[in-house]
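The values are calculated or read from the model by the stated rules, or taken from the named source; none is laboratory data. The shown structure was predicted, so the numbers you read here are calculated from the model rather than taken from an experiment. Every residue, glycine as well, gets a Cβ built from its backbone with ideal geometry; the counts of neighbours run over all protein chains shown.
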Amino acid sequence: MRLMRIEDYPEIYSLWNECEGMDINDIDESREGIHKYLKRNPLTCFVEERDNRIVGVIMAGHDGRRGTLHHLAVAPAYRRQGIGTSLCKTALDALKSQGISKAGLFIYNDNAIGKAFWKQAGFMPHEDFDYYDHLLD
Ligand SMILES: CC(C)(COP(=O)(O)OP(=O)(O)OC[C@H]1O[C@@H](n2cnc3c(N)ncnc32)[C@H](O)[C@@H]1OP(=O)(O)O)[C@@H](O)C(=O)NCCC(=O)NCCS
């Protein structure tokens, strides 16, 4: 495992597209969008390499108070080998080392595999609030 770099973008973008349940859009996940994120969070985003390719990725960042995990993905052929778990642990340790003590994530309601993963990793769902957002144009 190693830190993610912007040069990884094409490989990571195709990995995200290979995976179900990802929320990939043309603005946030454009090369420029990801580059901005990496510049703000250079020490908390990681990739796993196997067989000379990137097979797993996680992006993590924080606002000085809470951490957020984004876009954890493991290539289908490499799943159930603990890669998602070790990416998650490494990202959480990196957030901790920056003084962050709580982290969360967003997940689509119908992503049953993702939900099973996060639950066993110790993340608890919140049933009591909705998320609102607004496009800034
Ligand atoms: C979710 C995901 C990252 C898990 O990656 P992974 O490397 O397979 O995860 P791990 O091997 O570390 O699994 C750890 C545990 O999570 C649970 N889990 C993982 N995949 C599961 C599945 N398909 N069904 C049920 N539980 C599952 C199991 O408890 C597993 O432990 P076990 O294999 O000993 O039973 C991967 O399935 C994926 O990329 N999914 C598509 C993208 C996605 O939904 N990402 C999350 C968006 S928020």
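Across segment 84-123, the number of residues qualifying as among the aliphatic types (A, V, I, L, M) and touching a Phe, Trp or Tyr at 6+ places or on another chain (Cβ under 9 Å) comes to 6.
Scanning segment 17-32 for residues that are modelled with pLDDT of 90 or more and away from the ligand (no atom under 16 Å from the Cβ) yields a count of 3.
What do you reckon, is Pro10 over 15 Å from the mean Cα position of the chain (by Cα) and not charged (D, E, K, R)?
Details: over 15 Å from the mean Cα position of the chain (by Cα): yes; not charged (D, E, K, R): yes.
The answer is yes for Pro10.
Residues in segment 72-116 that are at pLDDT below 95 and among the acidic types (Asp, Glu): Asp110 alone. Got at least one residue in segment 26-36 being within 24 Å of Ala103 (Cα to Cα), among the hydrophobic types (A, V, I, L, M, F, W, C) and more than 13 Å from the chain's Cα centre (by Cα)? The answer is yes; a qualifying residue exists.
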